[in-house]
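First up is the structure itself, then whatever we jot down about it.
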Amino acid sequence: MKLFRLTDRSRKSVEAAFKEARMLGHDSLGDEDLLLGILRAEEGIGAAALASLGVTLEDAREESEAMLSEALSSIGISIKEVHREAGDAFDMRLPDDRKIPYSSRAKDALVGARKEMLRLGDDYLGTEHVLLGILGNEDGAAVRMLGRLGVALEALEERMYELRGREAER
Amino acid sequence: MDKKTRTRVGRPEDPREGLEAVVALRRTLEALEAARVENALIAGWSWAKIAEVLGVSKQAVHKKHAKRIKARYPGEPPRRKGSRS
């Protein structure tokens, strides 16, 4: 997928997202991984807004794992039990060199990010646009994850605009 | 977040939940297969024997798992005895 004029910060966040996805055993890059990537890279307004609302990478990873665990429970499988049975060799992580594709939700989020960039009249695609793109899919895993973390989407958006304002004043 | 109500296990009300369970299961299955293959090698099984039980070709199972296992046991293959299969 060709990405357009990402800032270094966004590019780092997307790269971090792929690392997070592999770490969690995701065989494609989900929209929740883009969110995790922003948290991991700690770059730009997107990351600053999340941090100021108390969202940490650790908490977000835990939620991702909890969502997997709950999905398995819904079909009667206990991930803990699987792990216990298989022993130390059981590891959800994918190897670092494993190529994984963007999921359609992640693609949509990045397309949404570009739209947000144009809407705001910006000439760069920063992590705030990526985050806004992610928030655009209410049905996505990232939005659900934020909900579980107790983050109000309106508050998050507001914080980003606030931080943008501050940056513009400098 | 909307309340999750399920009729019973195996019959999620929301198709999305049902499909997401499939994704979770696929990811778990991949990890479980890798772990079981690794454990079998440690137990001294050959790739051929592992492949036979998994119902796939020896090449397929080797291609899928050898690299990961090599990375996990640098320098010392988990299978110490036996000929190359």
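Of the conditions (1) in a helix (DSSP H, G or I); (2) buried (at least 18 other Cβ atoms within 10 Å of the Cβ), A:E58 clears all except one; give me its number.
(2)
Taking the range A:92-145 only, how many residues are of a type in the set (K, R) and within 24 Å of A:E62 (Cβ to Cβ)?
Step one: of the range A:92-145, the residues of a type in the set (K, R) are A:93, A:98-99, A:105, A:107, A:114-115, A:119, A:144.
If we keep only those that are within 24 Å of A:E62 (Cβ to Cβ) too, we end up with A:93, A:98, A:105, A:144.
Qualifying residue count, the range A:92-145: 4.
What is the residue count in the range A:138-170 for residues that are more than 12 Å from the chain's Cα centre (by Cα) and not in a helix (DSSP H, G or I)? Break it down into steps so the answer makes sense when it comes.
Just the residues of the range A:138-170 that are more than 12 Å from the chain's Cα centre (by Cα), to begin with: A:138-139, A:147-170.
Still in the running and not in a helix (DSSP H, G or I): A:138-139, A:149-152, A:170.
Counting residues in the range A:138-170 that are more than 12 Å from the chain's Cα centre (by Cα) and not in a helix (DSSP H, G or I) gives 7.
Out of the residues in the range A:61-103 meeting the condition of being at the interface with chain B (Cβ under 8 Å from one of its Cβ atoms) and β-branched (V, I, T), tell me which one is surrounded by the most Cβ atoms within 10 Å (Cβ to Cβ).
Once the filter is applied, the top-ranked residue is A:I79.
Quick check on the range A:1-21. Is at least one of its residues assigned to a loop (DSSP other than H, G, I, E, B) and either at pLDDT 95 or above or within 13 Å of chain B (Cβ to nearest Cβ) (or both)?
No: zero hits.
The values are calculated or read from the model by the stated rules, or taken from the named source; none is laboratory data. Here the structure is a predicted model, which is why all the values come from computation and not from measurement. Using ideal geometry, Cβ is built from the backbone for each residue, glycine included, and neighbour counts are taken over all protein chains shown.
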